[in-house]
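Okay, structure first, notes after.
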Amino acid sequence: MVVKVPDEVRNNIESGEVKRQAHILSVRGDTRVLGVLGCPVEHSVSPAMQNTAIQALGLNYVYVPFHVLPEKLGGAVQGLCALEVAGVNITIPHKRAVIPFLDSVSERARLVGSVNTVTNVDGVLTGDTTDGPGFLQSVEAEWGAVDGTRALILGAGGSAKAIAFALVEAGCLVSLSNRTRSKADELAEAICRAFGEGSAAVVENVDGALREALSGCDMLINTTSVGMHPKPDEIPVNPELLRSSLMVCDIVYNPLKTRLLAEAERCGARTLSGIKMLARQGAISLEKWTGCKAPVDIMERAALAALGSSGEVHGNS
Ligand code: ATR
């Protein structure tokens, strides 16, 4: 029998596309499976980022996206054991909801109330969160130790919580400001319960209070979605409040240079893009699953390339 090779496949072979896909083509019977559970999951850059790292390290793993509806989460998690999936990332909207389905969670994940990494060791599922450590490592890689740094966090949602706990644990003095004041109060109370009275303060989300707070701060961190695609012209703080001595971080990575980062650069401040945190949290997950040192720079470049080809992105996986 003669098999006709479609023109598209012939072109791919000639252009080297098959070489680029060599990792996927090398999946064998003993290849271990990793993945990400989310809804939606189709815009996740984690498969590109993790498979590029797996290929660079020459590991016998493959990382795949799993679209999991909220009402199917329990079944999906049980399925991880049945299928002997080695580990998964958890993204929107399952980061909190997954906790009751796991055998145990780390102290950090329990405090933050969020899991983004599940490890399966002999059928025992353990949850952890690498969001806070990922942010902390990306800041430290850029600017050194944060001990004693005074940080103002904009937002009081899940990302703010993960980042605030990591910063306070590392010796930062943290203030929180949020559109909905009560949520900032709740988060500050949770931090003070965990780390002691005075560990976190709340700043009213109005220019006067923010100006005063920022004059005594070294670092400003945006954890809100303000400025994210498709509204890149928005900014979470009045740009007139920015100063050249500030370190300004944005967890938004789409666009890469948010308006906040552009305004901060304009006034001479140092800036850090959310893509760094994205790569670091993924790198820490990969290290947990495989025990290998993850190639953070390669992962960041792969995430950038995937972002460039996908356009819209949701969540931080
Ligand atoms: P995540 O898990 O990414 O942190 P989240 O838990 O939904 O997401 O939290 C989103 C944060 O962005 C909240 O602090 C939210 O403020 P509210 O508590 O007032 O809702 C903040 N946020 C979202 N849209 C905002 C906007 N347009 N202006 C100001 N803050 C906004």
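The values are calculated or read from the model by the stated rules, or taken from the named source; none is laboratory data. All values derive from a computational prediction rather than experimental measurement. As a convention, Cβ positions derive from the backbone with ideal geometry for all residues, glycine included, and neighbour counts pool all protein chains shown. The accessibility values were calculated without ligands, DNA or RNA, using every heavy atom of the protein model including side chains. Shrake-Rupley method; radii C 1.70, N 1.55, O 1.52, S 1.80 Å.
If you sort 182, 273 by accessible surface, 1.4 Å probe, largest first, the order is 182, 273.
Given a 1.4 Å probe and the protein chains as shown, residue 28 ends up with an accessible area of around 140 Å². Evaluated with a Cβ-only charge set (Lys, Arg +1; Asp, Glu -1), the chain carries a dipole of roughly 360 debye about its Cα centre, given to the nearest 20.
Compute the orientation-averaged projected area for the chain from the convex hull of its Cα atoms and round it to one decimal in nm².
Working: hull surface 75.1 nm².
Its Cα hull, projected and averaged over all orientations, spans 18.8 nm².
Converting phi to 3J(HN,Hα) with the Karplus coefficients 6.51, -1.76 and 1.60 and the offset θ = phi - 60°, the range 266-273 yields 4, 8, x, 6, 7, 10, 9, 7 Hz in sequence order, with x at every glycine or proline.
Normalise the Cα radius of gyration of the range 137-275 by 2.2 N^0.38 Å (N = residues in it) and let me know the number. Don't skip to the end; give the middle numbers.
Numbers: Rg = 13.7 Å, N = 139, 2.2 N^0.38 = 14.3 Å.
So the range 137-275 has a normalised radius of gyration of 0.96.
Summary value for the range 127-206: 28 percent relative contact order, contacts being C-alpha pairs under 8 angstrom separated by 6+ residues.
When only Cα pairs under 8 Å and 6 or more residues apart are kept, what is the percent relative contact order across the range 104-150? Show your work: numbers first, answer last.
Numbers: 41 pairs, mean separation 14.3, N = 47.
The value is 30 percent.
With every protein chain in place and a 1.4 angstrom probe, the accessible-area ranking of 84, 300, 107, largest first, reads 84, 107, 300.
Heavy atoms only, probe 1.4 Å: what % of the accessible area of the chain goes to carbon and sulfur, would you let me know?
Values: 7800 of 14980 Å².
Answer for the chain is 52 percent, counting heavy atoms of protein chains only.
Entry for the range 120-170 at q = 0.15, 0.23, 0.28 Å⁻¹: log10 I(q)/I(0) = -0.48, -0.86, -1.12, Debye formula applied to identical alpha-carbon scatterers, no solvent contribution. Counting only protein heavy atoms and using a 1.4 Å probe, the accessible area of residue 218 comes to about 40 Å². For the chain, DSSP calls about 20 percent of its internal beta bridges antiparallel. Dipole of the range 222-317 computed with +1 at Lys/Arg Cβ and -1 at Asp/Glu Cβ about the Cα centre; of 261, 303, 282, farthest Cα towards the positive end is 282.
Put 54, 284 in order of accessible area, highest first, and with a 1.4 Å probe you get 284, 54. Spin-label model, residue 225 to residue 207: label points 7 Å out along the Cα-to-beta-carbon direction sit 2.7 nm apart.
Give the percent of DSSP beta bridges with both residues in the range 18-177 that are antiparallel, rounded to the nearest 5. Show your work: numbers first, answer last.
Values: 8 of 26 bridges.
About 30 percent, rounded to the nearest 5.
Please work out the FRET efficiency for the pair residue 301 and residue 60, using the Cβ-Cβ distance as r and a Förster radius of 30 Å; give the result to the nearest 0.05.
On the way: r = 23 Å, r/R0 = 0.76.
After rounding to 0.05, the efficiency reads 0.85.
For the range 158-302, averaging the sequence separation of C-alpha pairs within contact (under 8 Å, six or more residues apart) and dividing by the residue count gives a relative contact order of 15 percent.
Give the accessible area for residue 192 in Å² (nearest 10); use a 1.4 Å probe, count only protein heavy atoms, and leave out ligands, DNA and RNA. The accessible area of residue 192 comes to roughly 20 Å². Placing dummy labels 7 Å off each Cα toward the beta-carbon, the span from residue 292 to residue 262 is 3.9 nm.
Using a 1.4 angstrom probe, figure out how much accessible area the chain has per residue, in square angstrom, rounded to the nearest whole.
Result: 47 Å² per residue.
Comparing 36, 27, 248 in a Gaussian network model of the chain where C-alpha atoms under 10 Å apart are linked, the largest mean-square fluctuation is found at 27.
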